[in-house]
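Below you'll find the structure, written out as structure tokens, and then a few comments.
Coordinate-derived values only; no laboratory data. Values in this document were obtained by computation on a predicted structure and should not be read as measured data. Cβ placement follows ideal geometry from the backbone for every residue including glycine, while neighbour counts extend to all protein chains displayed.
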Amino acid sequence: MTVLDPPQSTARRWLGHVARHRVAATLGFLVLFPLIVPYEALAANILVLGLYALGFNLLFGYTGLLSFGHAAFLGSGAYGCGIALVHFGVGWFGAILIGTALATLVAAVIGFLAIRTRGIYFAMVTLALSMCVYYAFYQMEPLTGGENGLRGVNLQTIGVFGFQLSFLNPTVKYYVLLAFVGVAIWLFSRLLASPFGAVLEAVRENENRARACGYDVAATKLVAFVISGAFCGLAGALNALHLSIVPIETLHYTTSGQVVMMALLGGMGTFFGPFVGAATFLLLQDVLSVLTQHWQLYVGIVFILFVLFFPRGIWGSLLDRFGPR
Amino acid sequence: MTAASDVILATEGVGKNFGGFQALRDVSVEFRRGKLTAIIGPNGAGKSTYFNVLSGAFPPSTGRILFEGRDLSRARPHSFARAGIAKSFQITNVFPELTAQENVRVAIQAVHRRFELFRHRRAFPELYDEADRLLASVGLGDRRLRRARELAHGEQRSLEVAMALACRPKLLLLDEPTAGMSPEETREMMGLIERLAAERTVILVEHKMKLVMGLCQRLIVLHHGELLAEGTPDDIRANDEVRRVYLGQGAH
Ligand SMILES: Nc1ncnc2c1ncn2[C@@H]1O[C@H](COP(=O)(O)OP(=O)(O)O)[C@@H](O)[C@H]1O
Ligand SMILES: [Mg+2]
């Protein structure tokens, strides 16, 4: 076999290794990432929203469902974590778990209602339900701070195995967040490689055939939806700790739109694409918003150009061109 | 009357209505266990519609479907597969971006490990072995690592048969498995079907009567959504009405 293989280019071989060891490669990259980004807060933004896009991609890229309501999971994860910390004095670790659990619950409810529909209706139902979540949190002002957002999610030090780490130090903060994102990435990869991951691909490829094989497509979609919500909820909880505040905009539908853009920019259905997409989006935003207040217009133009000329996204196109066959 | 256990699948007064259009009307048939039964009829006769009702793709508007005595009229599509009914579609229906091997492996997995989330799919090598064995049995042994969309049309049809066999069905349903095939591919497919039918119950939808006459033990003839005739190939050959329908179509 090896003798017959065509000579491989260096890039191809290199990307082949990356694809085979996707967790190690992604983690290695993220460990070094703060060194190449202008400042650590931006690196942490990319890290956390990259996780958000990763969770979204489970549904969009791997199961073939386009949700326009994922802000609901990022937001309820963030609020769940923040409220637990601010109002109930829960420890930081417990607060993260509570935020993630709340998002999972919200995903179960929205998913249960949405998976009955398909295509554009699915997108509309998730959008409408996520707006309900927005208004629910908006109205619960005593708990959520209403339109001012939830303030005071201040975490100065965190105890890890008896060590006290300063969460105010941006480097420490980045690597604490990375510990959680890293575990999530590992779990995500396990999930994709599992038999259930194969079912998700089958549903994405051909729902009718999956059904004819004996798969309960509706149940599969619901499980994928809930898991996707859980990953996005974890991202939300980490974001609350990172920002020390939960802006109400977290739940806004524009946040749902952002993750669609990130996933498409990076490459839907690719493992590393969500982080590439989040980095591209946030770097563009960071650079352009200094230059012009119309930065969203330019981000939009870049996005449209990508959809037209690189529909597989940045990472997806690289894999297509140089990736392992 | 046949003994109840001889009947694997039966429809009782099955009808199907598409927004006012009666595609199927009052079809009552008993399919015998272990036999190869062909459903024939001119284009538009309602064969695919009947096939879809039998395979659970959609429920009948009226009437009942009994599989081994169990009423499946309102069962959801995936329950048909779990009950032991497998099918290949008239229009090729595979997982295009997955390899041939993964297509079959996923179909096998449907029987055992639907919601296994935390183990690696490679941790179950027996599924890969079985997939390779099935692929070899339909003549795709050397194509197993190709993506399904890269396979030739005839190969995709064979792949679909392998996927249908993956769940070890008690009943195999095939809708025009030779549609769009070259004469060479058609001959191979008919040979494969003959081998498959030696070991299990097969119901085959076919538009070309000539293809199935020498192969099947029973024939069902549909016309304008109704059951026109039923019997052995000799009965059907001798049936004037059937001959008229087919001659009227210019086919025979
Ligand atoms: N989903 C559908 N909606 C409306 N009409 C349909 C549908 N499917 C089939 N028909 C109609 O039902 C009739 C029978 O179709 P079909 O079962 O595909 O015939 P066959 O497979 O025997 O060629 C045709 O007139 C066809 O136009
Ligand atoms: Mg047909």
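What length, rounded to one decimal in nm, is gained on full extension from B:Arg146 through to B:Ala198, with 0.36 nm per residue of separation minus their alpha-carbon distance?
15.8 nm is the gain from fully extending B:Arg146 to B:Ala198.
Can you give the charge dipole size of segment A:6-322 about its Cα centre, rounded to the nearest 20 debye, using +1 on the beta carbon of Lys and Arg and -1 on the beta carbon of Asp and Glu? The partial results should precede the final answer.
On the way: 15 positive and 10 negative charges, 169 e Å.
The calculation lands at about 820 debye.
Using unit Cβ charges (K, R positive; D, E negative) and no other charged atoms, how large, in debye to the nearest 20, is the dipole of segment B:95-167 about its Cα centre? Walk me through the intermediate numbers first.
Values: 13 positive and 11 negative charges, 39 e Å.
In total the dipole reaches around 180 debye.
Report the local net charge at B:Gly46: Lys and Arg +1, Asp and Glu -1, summed over other residues whose C-beta lies under 9 Å from its C-beta.
Neighbour charge sum, excluding B:Gly46 itself: +2.
Once all Cα-Cα distances of segment B:95-167 are split into 10 Å bins that start at 0, what whole-number percent is in each one?
All Cα pairs, binned at 10 Å, distribute as 22, 55, 21, 2 percent.
If you filter segment B:172-214 for GluC sites (Glu not before Pro), then keep DSSP loop positions with at most 15 other Cβ within 10 Å, what is left?
Loop-located and lightly packed - B:Glu199.
Given a 10 angstrom Cα cut-off, can you work out which residue in B:Pro183, B:Pro233, B:Pro59 is the most mobile in a GNM of chain B?
Taking springs between Cα atoms under 10 Å, the residue moving most is B:Pro183.
At R0 = 25 Å, how high is the FRET efficiency between A:Phe163 and A:His87 if r is their beta carbon distance? Nearest 0.05 is fine.
E(calc), rounded to 0.05, equals 0.40.
Under 13 Å from the 7 Å Cα→Cβ point of A:Leu143, by amide nitrogen: which residues of segment A:88-112?
Within reach of a label on A:Leu143: A:88, A:99, A:102-103, A:106.
Taking the Cα centre of the protein assembly as shown as origin, sum charge times position over the Cβ atoms of Lys and Arg (+1) and Asp and Glu (-1), and report the length of that vector in debye to the nearest 20.
Around 540 debye, computed over the protein assembly as shown.
Over the Cα atoms of segment B:172-252, what radius of gyration and what Dmax do you get, in Å?
13.0, 36
Select from A:Ala193, A:Ala278, A:Ala78 the residue whose mean-square fluctuation is largest in a Gaussian network model of chain A (Cα-Cα springs shorter than 10 Å).
Top of the fluctuation ranking is A:Ala193.
Where does chain B land at 222 nm, in deg cm²/dmol rounded to the nearest 500, when only DSSP H runs of n ≥ 4 count, each adding -39500 (n - 2.57), divided by all residues?
Helices in chain B give a 222 nm mean residue ellipticity of -10500 deg cm²/dmol.
Residue farthest toward the positive end of the dipole of segment B:150-252, with Cβ of Lys/Arg at +1 and Asp/Glu at -1: which of B:Leu151, B:Ala179, B:Ala162?
Comparing the listed Cα positions along the dipole, B:Ala162 ranks first.
Assuming R0 = 35 Å, what is the FRET efficiency of A:Thr10 and A:Leu32, from their Cβ-Cβ distance, to the nearest 0.05?
Numbers: r = 20 Å, r/R0 = 0.58.
Plugging the Cβ-Cβ distance into 1/(1 + (r/R0)^6) gives 0.95.
Hey, how many Å between the Cα centroid of segment B:182-235 and the Cα centroid of segment B:78-103?
Using only Cα atoms to place each centre, the spacing works out to 21 Å.
Can you give me the relative contact order of segment B:95-167 as a percent, contacts being Cα pairs under 8 Å and 6 or more apart?
50 percent
Going Cα to Cα from B:Lys170, which aspartates and glutamates come in below 12 Å? Please leave out same-chain ones fewer than 8 positions away.
B:Glu68, B:Glu199
Restricting the calculation to Cα positions, tell me the Rg (one decimal) and the Dmax (whole number) of segment A:191-263 in Å.
When restricted to Cα atoms, segment A:191-263 yields Rg and Dmax of 16.0, 49 Å.
Would you mind calculating the gained length between B:Arg187 and B:Arg244 on full extension (0.36 nm times residue separation, minus the Cα-Cα distance), in nm to one decimal?
Working: separation 57, 0.36 × 57 = 20.52 nm, distance 2.73 nm.
Residue separation times 0.36 nm, minus the Cα-Cα distance, leaves 17.8 nm.
By its C-alpha gyration tensor, with a ≥ b ≥ c as the square roots of the eigenvalues, how is segment A:114-206 shaped: rounded for a/c under 1.5, else prolate for a/b larger than b/c, else oblate?
oblate
If you wrap chain A's Cα atoms in a convex hull and average its projection over all directions, what's the area in nm²?
Working: hull surface 74.2 nm².
Result: 18.5 nm².
Any chance you could check the Cα centroid distance between segment A:99-172 and segment B:113-166 for me, in angstrom?
Measuring centre to centre over Cα atoms gives 41 Å.
Working only with C-alpha atoms, what are the Rg and Dmax values of segment B:168-211, expressed in angstrom?
10.5, 29
Would you list B:Arg168, B:Arg76 from fewest to most Cβ contacts within 10 Å?
Working: B:Arg168 11, B:Arg76 14.
Final ranking by Cβ density, sparse to dense: B:Arg168, B:Arg76.
Tally the DSSP beta bridges in the protein assembly as shown and give the antiparallel ones as a percent, rounded to 5.
60 percent
Could I have the simple spin-label model distance between A:Ala128 and A:Trp186, label points 7 Å from Cα toward Cβ, reported in nm to one decimal?
4.2 nm
What whole-number value in cubic angstrom gives the convex hull volume per residue for the C-alpha atoms of the protein assembly as shown?
Details: hull volume 109.4 nm³, N = 577.
Enclosed volume per residue, from the Cα hull, is 190 Å³.
Which is the longest stretch in chain A that no exposed loop site breaks, taking sites as chymotrypsin sites (Phe, Trp or Tyr not before Pro) with a DSSP loop state and at most 15 other Cβ atoms within 10 Å?
The segment A:162-325 is the longest one with no such site.
Considering the dipole of chain A built from charges on the beta carbon (Lys and Arg +1, Asp and Glu -1) around the Cα centre, which of A:Cys132, A:Val160, A:Leu59 is farthest to its positive end?
A:Leu59
For A:Cys132, B:Cys167, A:Cys232, A:Cys213, which order do you get if you count the other beta carbons within 10 Å of each Cβ and list the fewest first?
Placing the least packed residue first, the sequence is A:Cys132, B:Cys167, A:Cys213, A:Cys232.
Could you compute Rg(Cα) / (2.2 N^0.38 Å) for segment A:167-230, with N its residue count?
Working: Rg = 16.6 Å, N = 64, 2.2 N^0.38 = 10.7 Å.
For segment A:167-230, the normalised Cα radius of gyration is 1.56.
Using the structure shown, list the pairs from B:Lys16/B:Lys210; B:Lys47/B:Lys87; A:Lys221/B:Lys87; A:Lys221/B:Lys35 with a Cα-Cα distance above 26 Å, or answer none. Let's see the in-between values first.
Numbers: B:Lys16/B:Lys210 28 Å; B:Lys47/B:Lys87 14 Å; A:Lys221/B:Lys87 23 Å; A:Lys221/B:Lys35 38 Å.
Checking Cα-Cα distances, B:Lys16/B:Lys210; A:Lys221/B:Lys35 exceed 26 Å.
Can you classify chain B as rounded, prolate or oblate using the Cα gyration tensor, where a ≥ b ≥ c are the square roots of its eigenvalues, rounded means a/c under 1.5, and otherwise it's prolate if a/b beats b/c and oblate if not?
prolate
What FRET efficiency do you get for A:Leu283 and B:Arg119 if R0 is 45 Å and r is their Cβ-Cβ distance, rounded to the nearest 0.05? Don't jump to the answer; show the numbers that get you there.
Numbers: r = 38 Å, r/R0 = 0.84.
Given R0 = 45 Å and the Cβ-Cβ separation, E is 0.75.
Return the whole-Å distance between the Cα centroid of segment A:40-81 and the Cα centroid of segment B:22-59.
Centre-to-centre (Cα) distance: 47 Å.
Could you identify which residue out of A:Leu177, A:Leu191, A:Leu47 has the top mean-square fluctuation in a GNM of chain A using Cα springs shorter than 10 Å?
Of A:Leu177, A:Leu191, A:Leu47, the most mobile in the Gaussian network model is A:Leu191.
What fraction, in whole percent, of alpha-carbon pairs in segment A:1-104 exceed 17 Å separation? Mind dumping the intermediate values first?
Details: 3756 of 5356 pairs.
Counting every Cα pair in segment A:1-104, those more than 17 Å apart make up 70 percent.
Is any residue of segment A:209-223 close enough, with backbone N under 17 Å, to a label point placed 7 angstrom from the Cα of A:Tyr121 along the Cα-Cβ axis, and if so, which?
Taking a point 7 Å out along Cα→Cβ of A:Tyr121, the residues of segment A:209-223 whose backbone N falls under 17 Å are A:217-219, A:221-222.
Defining a contact as two alpha carbons under 8 Å apart and six or more residues distant in sequence, what relative contact order in percent does chain B show? Write down the numbers at each step before the final one.
Values: 453 pairs, mean separation 67.5, N = 252.
Averaging sequence separation for qualifying contacts and normalising by length gives 27 percent for chain B.
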